[in-house]
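Notes to accompany the following structure.
Where a number appears in this text, it was derived from the coordinates with a stated rule and is not lab data. Note that the structure is a prediction, hence the values are computed from the model and not measured. All Cβ positions, even for glycine, are placed from backbone atoms using ideal geometry, and neighbour counts span all protein chains on display.
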Protein chains: 2
Amino acid sequence: MSLGSKVWMNGVIMNANSAYVSVSDRGFTLGDGLFETMLWTSSRIRFFDEHLARLSQSAVALGFTTPLDVTAIKKGLLALVEDEQGNAAAVRLTLSRGIGPRGLALPETTAPQLIATIAPLADTSAPAHLKTVSVPRLIGAPSTRFKTLSYLDNVMAQHEARFKGGDEAIMLGTNGNVACASCANLVFRYKDANLTPALRDGALPGIVRGRLLAAGLIEEANISPSQLALCEGAALTNALIGVRVVSSIDRRALDTRKTWPQSLRDTIRVG
Amino acid sequence: MSLGSKVWMNGVIMNANSAYVSVSDRGFTLGDGLFETMLWTSSRIRFFDEHLARLSQSAVALGFTTPLDVTAIKKGLLALVEDEQGNAAAVRLTLSRGIGPRGLALPETTAPQLIATIAPLADTSAPAHLKTVSVPRLIGAPSTRFKTLSYLDNVMAQHEARFKGGDEAIMLGTNGNVACASCANLVFRYKDANLTPALRDGALPGIVRGRLLAAGLIEEANISPSQLALCEGAALTNALIGVRVVSSIDRRALDTRKTWPQSLRDTIRVG
């Protein structure tokens, strides 16, 4: 079977072509749900525990009442990728609130939908060009604090970056500081320190970001656009790409020969 | 057939129980789409032209390339509600980007999904209690300028308002001014004027709001929380409820016997 031809849905492996949700599913009608994107490589799902911990905590914060069966999920994901063996792949786990009647109010009883899909990895080996975009990053809202199905602002941020000739976006938080890329965290090399935007500036608590913080290799900071214009280097981080070097920000070329990203990469590789 | 048992989907009337979208539909995975909620009453869809104009303009702004066939949509919606005759109902029209590969980038070719559902109207005859909520309203982003499927912040705003004992939320924009309710615009009676939050403060360009502005019955204003605390009356407006009087804001009782909302209602009724 080709990669992506199977889907795991509510405990069952099925053909991707017959995997559907109702048009009344709140994930579809209201963006009412969460997701995680995980890396399958070397016969394991990297950072599985961190991904599931974040998903569980986010679900509680959004008022989901059905606990996640982590053991069953892991078993399901492994069944989904078992044909892939040595091929690295992206595994996406989506949790939707499920079908609800019209209106925004959380239904008293819900049947959340839990769906896992696999897809090939994009080639992100080349250094990335970043473009500052006009789409702002909302600080303090559920859509920003958690990795939710209400992702349209990120979609349009990346679209704007690509329209401007870049690979990824730099989104500024509503307080004006640098927050994150459209689907990655940011690290900047600034005065010999590795800085990453603070959560209170709109950054998502990314898994790789968390690993690097815990290892003491990066530190949280409030980064203004004027500091951004002076950084000596930059990198993107997320669970799929690990650490990706940035070659330019708004057409200003950065020195990609610098060795500091390698220490970040080594940590992720070993971790 | 009971109300809501039928769905109109991509030109075809079908049973609601068999109306699905793919788990790879970007409306589901990324909140990548738009919707309109319309009132079916007295054998017509109120404000149909305004709803479709807003949907079309929003779709263009989000990079949708397939023009909407307004005539076919109107025919489809009328076929959907034909069994209802005299019963007022809510008609929701959802436009999703359709199936896409993994990632945020807009697919080069898409098959947008267009879906209409009907549901009973909620009883909104009683005056509403409003609660100011902590979920902020993002100014200037696609998710705020348009009525999108990325609606989770509104969901959580209403949830917070209900948790606090209210019926609807007052959301503040990221600049601190009053923006809107979770699924309605706001009008405040302040020093004998009828004021509604400005679009630049995060208000959605609502259909009823637009009608009342055009009629000169309300005017745009920047409304601070301290002005909110001094308003003499308030109302909610949207296409389903028309104009709903507000009885309290954060437990401060308002005088609901005031006659100013009636002039707003008369305009909507006649318009």
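Could you give the Stokes-Einstein D for the range B:232-271 in µm² per second, using the C-alpha Kirkwood radius, 10 °C, 1.306 mPa s?
On the way: Rh = 10.7 Å.
Answer, rounded: 149 µm²/s.
Over all alpha-carbon pairs of chain B, lay out the pair-distance distribution in 5 Å bins, whole %, shortest bin first. Whole-percent P(r) values from 0 Å outward: 1, 6, 12, 16, 18, 16, 14, 9, 5, 2, 0, 0. Averaged over the residues of B:57-65, the number of partner chain Cβ atoms lying within 10 Å of the residue Cβ comes to 1.
For the range B:131-226, what is the convex hull (Cα atoms) projected area averaged across all directions, in square nanometres?
Values: hull surface 24.0 nm².
In nm², the orientation-averaged hull projection of the range B:131-226 is 6.0.
Give the dimensionless ratio obtained when the Cα radius of gyration of the range A:165-271 is divided by 2.2 N^0.38 Å. List each step's numbers first, then the result.
Details: Rg = 12.4 Å, N = 107, 2.2 N^0.38 = 13.0 Å.
Compared with the compact-globule rule of thumb, the range A:165-271 sits at 0.96.
Farthest toward the dipole's positive end in chain A, which of A:104, A:226, A:4, given Cβ charges of +1 (Lys, Arg) and -1 (Asp, Glu) about the Cα centre? The listed residue farthest towards the positive side: A:226. Here the dipole of the protein assembly as shown is about 400 debye; that uses its Cα centre as origin and unit charges on the Cβ of Lys and Arg (positive) and Asp and Glu (negative).
Relative to the other identical copies, residue A:227 shows label-point distances of 3.5 nm, where the label point lies 7 Å from Cα along the Cβ direction and values run shortest first. Going down the list A:6/A:131; A:147/B:131; B:6/B:131, which pairs span over 29 Å between their C-alpha atoms? Violating the 29 Å limit, Cα to Cα: A:6/A:131; B:6/B:131.
Using C-alpha pairs below 8 Å separated by at least 6 residues, the relative contact order for chain A is 18 percent. Sorted from closest to farthest, the other copies place their residue B:56 label points 5.1 nm away, with each point set 7 Å from Cα along Cα→Cβ. Counting only DSSP beta bridges whose two residues both lie in chain B, roughly 80 percent are antiparallel.
Each residue, residue A:220 and residue B:258, gets one label point 7 Å from its Cα in the Cβ direction; the gap between the two is 4.3 nm. Measuring between their Cα centroids, the range B:216-271 and the range A:32-57 lie 46 Å from each other.
Per residue of A:163-176, count partner chain C-beta atoms within 10 Å of its C-beta, then hand back the mean as an integer. Walk me through the numbers on the way to the answer.
Details: counts 2, 0, 0, 0, 0, 1, 1, 0, 1, 0, 1, 8, 1, 0.
Mean partner shielding for this stretch: 1.
Short-range pairs are left out: with C-alpha atoms under 8 Å and at least six residues apart, the relative contact order of the range B:35-186 is 20 percent.
Which whole-number percent gives the relative contact order of the range B:6-101, counting Cα pairs below 8 Å spaced six or more residues apart? Don't skip to the end; give the middle numbers.
On the way: 106 pairs, mean separation 44.6, N = 96.
Relative contact order for the range B:6-101 comes out at 46 percent.
Plainly put, the tip 7 Å out from Cα toward Cβ on residue A:15 is 2.1 nm from that tip on each other copy, the closest given first. Sorted from greatest to least, the principal axis extents spanned by the alpha carbons of the range A:52-189 come out as 43, 43, 28 Å.
How big is the shadow of the Cα convex hull of the protein assembly as shown, averaged over all directions, in nm²?
24.7 nm²
Near residue B:28, once Lys and Arg are set to +1 and Asp and Glu to -1 for all other residues with Cβ below 14 Å from its Cβ, the sum equals +2. Candidate cross-link partners of residue B:74 among the aspartates and glutamates, defined by an alpha-carbon separation under 18 Å and a same-chain spacing of 8 or more, comprise B:36, B:49, B:50, B:82, B:83, B:84.
Would you mind computing the Rg to Rh ratio of the range A:1-101 from its alpha-carbon coordinates, Kirkwood style for Rh?
Using only Cα positions, Rg/Rh for the range A:1-101 is 0.97.
What's the average, rounded to a whole number, of partner chain beta-carbon atoms within 10 Å of each residue's beta-carbon in A:94-107? Present the calculation step by step, with values, prior to reporting the outcome.
Working: counts 3, 0, 3, 2, 0, 0, 1, 4, 12, 8, 14, 7, 6, 0.
Taking the mean over all residues of the peptide, I get 4.
Would you work out if the range A:79-135 is rounded, prolate or oblate? Take a ≥ b ≥ c from the square roots of the eigenvalues of the alpha-carbon gyration tensor; rounded if a/c is under 1.5, else prolate when a/b is larger than b/c, oblate otherwise. Note, shape of the range A:79-135 comes out oblate.
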